[in-house]
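Undergrad: Pasting a structure here, questions to come.
The values are calculated or read from the model by the stated rules, or taken from the named source; none is laboratory data. Please read these numbers as outputs of a predicted model, since none were measured by experiment. Every residue, glycine among them, receives a Cβ derived from its backbone with ideal geometry; neighbour counts consider all protein chains shown. Note: areas computed on protein heavy atoms with side chains; ligands, DNA, RNA excluded. Shrake-Rupley method; radii C 1.70, N 1.55, O 1.52, S 1.80 Å.
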Amino acid sequence: DQQVKQNSPSLSVQEGRISILNCDYTNSMFDYFLWYKKYPAEGPTFLISISSIKDKNEDGRFTVFLNKSAKHLSLHIVPSQPGDSAVYFCAASGMPGYALNFGKGTSLLVTP
Amino acid sequence: DAGVIQSPRHEVTEMGQEVTLRCKPISGHNSLFWYRQTMMRGLELLIYFNNNVPIDDSGMPEDRFSAKMPNASFSTLKIQPSEPRDSAVYFCASSLAGLTGELFFGEGSRLTVL
């Protein structure tokens, strides 16, 4: 049973525009949320995180928004660059550093 | 500082053979995780260890799979006997549980069972 869902398998955005990747979760015990980025033939790499006590966290071009009542989070990338083309995984856990539940990923393509 | 190291990167084997995947976590990390990635199921947790002790192995598919962590710097995931449906990319990750949030992943071991 998938507790973290990414309903869009793919997304295509023009360079310079905003990319918005969405994620929903079902387990109300999740308190810590992360986004990972994955290039082909590499392992996932950590991008940005947010704890349940916040509703927004920003790191450069990347911002994660959390709506706990809706059990929804999103990742905004502004402006999008061709190098951002990768698969993005949403993940959640009950405590930082413990086992993560992952979504199936969204493949982002940023076109020049 | 070296990241999580996995070996082999690629393994092709025949059905029925034993497969052993290896992982060296980041020094100082106290938690280690084995994940499997497939197209159908995405990234699924197989097992994780905290301070070398298995905490949750509910994701291990069946008795053909076993994992060990004999010390803080080494873990193995074994499949015996292997089957074609075991073909996937297996990732090892480590973390400093409770203090920092993120898991650090290795580059993965791509397993193909013919």
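Undergrad: Suppose a student asked you for the relative contact order of the range B:8-72, using Cα pairs under 8 Å spaced at least 6 residues apart; what percent would you report?
TA: Computed over the range B:8-72, the figure is 21 percent.
Undergrad: Under a Cβ-Cβ cut-off of 15 Å, what is the net charge of the residues other than B:Ala97 that fall near it, where Lys and Arg count +1 and Asp and Glu count -1? Don't skip to the end; give the middle numbers.
TA: Values: positive: none; negative: A:Asp31, B:Asp56, B:Glu102.
Combined, the nearby Lys, Arg, Asp and Glu give -3.
Undergrad: For B:Val12 and A:Ser10, what is the calculated FRET efficiency with R₀ set at 35 Å and r taken between the beta-carbons, to the nearest 0.05?
TA: My answer for the efficiency is 0.75.
Undergrad: With contacts defined as alpha carbon pairs under 8 Å and 6 or more residues apart, what's the relative contact order of chain A in percent? Mind dumping the intermediate values first?
TA: On the way: 272 pairs, mean separation 42.0, N = 112.
After rounding, I find 37 percent.
Undergrad: Also, quick follow-up: Taking all protein chains in place and a 1.4 Å probe, what share, in percent, of the accessible surface of the range B:23-67 do carbon and sulfur account for?
TA: Values: 1080 of 2200 Å².
Ligands and nucleic acids excluded, carbon and sulfur reach 49 percent.
Undergrad: Which whole-number percent gives the relative contact order of chain B, counting Cα pairs below 8 Å spaced six or more residues apart? All intermediate terms of the calculation are to be shown ahead of the outcome.
TA: On the way: 285 pairs, mean separation 42.6, N = 114.
That works out to 37 percent.
Undergrad: Right, next: When ligands, DNA and RNA are left out and all protein chains stay put, how many square angstrom of accessible area per residue does chain B have with a 1.4 Å probe?
TA: Per-residue accessible area for chain B comes out at 49 Å².
Undergrad: On to the next question. Note the direction-averaged projected area, equal to a quarter of the hull surface, for the Cα convex hull of chain B, in nm².
TA: In nm², the orientation-averaged hull projection of chain B is 6.7.
Undergrad: I've got another one for you. Taking every eigenvalue of the Cα gyration tensor of the protein assembly as shown, multiplying by 5 and rooting it, what semi-axes result, largest first, whole Å?
TA: For the protein assembly as shown, the ellipsoid semi-axes come out as 30, 20, 16 Å.
Undergrad: Let me ask another. If DNA, RNA and ligands are ignored and the probe is 1.4 Å, what is the ranking of B:Ile79, A:Ile20 by accessible area, most exposed first?
TA: A:Ile20, B:Ile79
Undergrad: Chain A: Rg/Rh from Cα coordinates, Kirkwood Rh?
TA: Computed over Cα atoms, the ratio is 0.95.
Undergrad: Just give the residues from the range A:30-53 buried by at least 50 square angstrom of accessible area in the all-chains context relative to the isolated chain, probe 1.4 Å, and say none if nothing qualifies.
TA: Residues of the range A:30-53 that lose at least 50 Å² of accessible area once the other chains are added: A:Pro44.
Undergrad: Could you compute how much accessible area chains B and A hide from each other, both sides summed, with a 1.4 Å probe? Nearest 100 Å² is fine.
TA: Answer for the B-A pair: about 1600 Å² buried.
Undergrad: Let me ask something else about it. Which GluC sites (Glu not before Pro) in the range B:25-114 sit in a loop by DSSP (not H, G, I, E or B) and have at most 16 other Cβ atoms within 10 Å of their own Cβ?
TA: When the GluC sites (Glu not before Pro) of the range B:25-114 are filtered for loop state and at most 16 Cβ neighbours within 10 Å, B:Glu62 remain.
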